[in-house]
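One structure is given below, encoded as structure tokens.
Values quoted throughout were computed directly from the atomic coordinates according to the rules given, and no laboratory measurement underlies them. Since the structure is predicted, the reported quantities are computational estimates derived from the model, not experimental observations. Every residue, glycine as well, gets a Cβ built from its backbone with ideal geometry; the counts of neighbours run over all protein chains shown.
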Amino acid sequence: MTIQWIRLSDIEQHYEDQGPEVDKQISRIQAWIRRTGLYEPLTVRLENKIFKIIDGNKRFFALRCLGHTHARCDVWDCDAETARLFREEAKP
């Protein structure tokens, strides 16, 4: 794992999170980032020159809506199956 600043345009989001409750969560994340400037790095993996989100989809949307062009990312060296398993285990 390495922490890198990555352009949001180089990151492909994961579309699993949708709906009004998710929109409220993203709004709360935006407010927190706007107020403090702090957020947990996105967790991504590199596949075919595109970074794919493993964890942090809502933070990604919040940053993008706030006009950020880059995000702090924790880059994992893993395949798609490992990323999928992590997402499944991380679900509440």
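Numbers for the structure displayed
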quantity	calculated
Coil-residue trypsin sites (Lys or Arg not before Pro) of the chain, DSSP, other Cβ within 10 Å capped at 15	49
Interchain or long-range residues, amide H under 5 Å from residue 12's placed H	51, 52, 53
Alpha-carbon radius of gyration plus Dmax, which is the widest Cα pair, for the range 1-65 in Å	12.0, 35
All aspartates and glutamates inside 16 Å of residue 24 as judged from Cα atoms, apart from same-chain residues fewer than 8 positions distant	16
Sorted by Cβ neighbour density within 10 Å, fewest at the top, the residues 77, 55	77, 55
Fewest-first ranking of 65, 73, using other Cβ atoms within 10 Å as the exposure measure	65, 73
The range 2-90, relative contact order in percent, only Cα pairs under 8 angstrom and at least six apart counted	41
